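Following: one structure in structure tokens, then a few remarks.
Read the figures in this text as sums done on the coordinates, not as results from a lab. Predicted model only: the values in this text are computed from it and were never measured. Please note: Cβ atoms are built from the backbone with ideal geometry, for glycine as well, and neighbour counts cover all protein chains shown.
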Amino acid sequence: MVTYTYVRFQGTVRSPRGHFPGVFALANGLARDGRLSEGQYRFWRAANDWYDAHYPNPSDTDPAVYDPERNPGAVAWFKTTAVHLIERVPGYLELLAAHGVPCERVESCDPGRIVYEDDVQVVAVPYPHP
């Protein structure tokens, strides 16, 4: 039996930059576009505030971590040991489903070249496909 080390929740449609956006980016896009109901907006704001308070933003440590030229396709993955963070993701999945935004859970032992790491997450650049 394989034990996965990393988990990511992402959309199923590639962004214009070529990667699959994570659930936070997708939810932020709905909020930015004014597509959330009042109740959904309250959930989104409170959930984002909770995450902001409970884990580091990799860009605060390395402002270039998501730079598309330096780290093309870089995306964040939770460490599977970050249960307290992962268990709150379903609220985002429900929000996205209510707007017809399909998402999937992806697990990996090796998500790519790791360009950032802390106690609960990594940012990795996917390996190129042949």
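Observations
- The magnitude of the dipole of region 6-125, with charges of +1 and -1 set on the Cβ of Lys/Arg and Asp/Glu and taken from the Cα centre, is near 380 debye.
- Between the alpha-carbon centres of region 11-89 and region 109-130 there is a gap of 16 Å.
- For Cα extents along the principal axes in Å, computed directly from the structure shown, the correct entry in (i) 42, 33, 31; (ii) 47, 44, 30; (iii) 40, 29, 29 is (i).
- In the elastic network of the chain, a GNM with C-alpha springs shorter than 10 Å, the most mobile of Glu107, Glu38, Glu117 is Glu38.
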